[in-house]
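Trainee: If you scroll down you'll find the structure; I have some questions about it.
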Amino acid sequence: MNFEYIDIILLAMIGGFIFLRLRGILGKKTGFEGKISTQFEKEFQKIKVSPKPINENFDEQSQKEFLKGAEIAYETIITDFSDSDNKLVASKPLLSKKIHDQFKEALLDRENKGHFAEITFIGIKSAAVKTHKKIEDSLEVTVDFVSEIITCVKDKDKKIISGDGEKIKTVYDTWVFSKDIKSASPNWLLIDTIT
């Protein structure tokens, strides 16, 4: 009988020892986790965290990463401009105000004539950085695109008035993208299209 009490006491001591070791290793909850003192919080707000600037040298690795995004932007803008709703939706965040206004004007003209476009984007055959330069706080990159698309413009009676709804066309475009190198935003904007 006495041995049973000794076993219980020994087990309780072992349990207490394990609890104290875990508490020592893991610590204990005090209720102040994640809270910052008011004074420290005010000082913390004064610190301006500057975003990581883009590589101004625009080396080979930077160009490869940029081109991946540029190809996606190119396809998004082409298909958005050439779809049947005559509205810029998906591509709006990718366009500078100047380009957005130009595209919007062209789409409005198309809509007023009762025309709409149909496009099948086949793919990009090539995309290459032609030039890149730093202008004040911006990096401007000119890209030559070669793509394949099937496109045509139809009137309200669905009669083709330009293009070909079945023929694959090779398109050559030169676009200029710009990014504020001091901005935390990763977005590049299309600022010019060169024909």
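Values in this text are rule-based calculations from the coordinates and carry no lab data. Source: prediction; values computed, not measured. Don't worry about glycine lacking a Cβ; one is built from the backbone with ideal geometry, like all the others, and counts go over all protein chains shown.
Trainee: What aspartates and glutamates sit close enough to K104 to cross-link, taking a C-alpha to C-alpha distance under 16 Å and skipping anything fewer than 8 places away on the same chain?
Mentor: Qualifying aspartates and glutamates at Cα under 16 Å: D80, D83, D85, D192.
Trainee: Pairs K130/K167; K87/K130; K92/K159; K133/K182: which exceed 19 Å Cα-Cα?
Mentor: Among K130/K167; K87/K130; K92/K159; K133/K182, the Cα-Cα distance tops 19 Å for K130/K167; K87/K130; K92/K159.
Trainee: A further question on this structure: Provide the FRET efficiency to the nearest 0.05 for the S178-D157 pair, computing r from the beta carbons and using R0 = 35 Å.
Mentor: The pair S178/D157 has a calculated efficiency of 0.25.
Trainee: Explain nothing, just the number: relative contact order of the range 99-195, from Cα pairs under 8 Å at least 6 residues apart, as a whole percent.
Mentor: 25
Trainee: Which of the three applies to the range 95-195, rounded, prolate or oblate, going by the alpha-carbon gyration tensor with a ≥ b ≥ c and a/c under 1.5 meaning rounded?
Mentor: Cα axes put the range 95-195 in the oblate bin.
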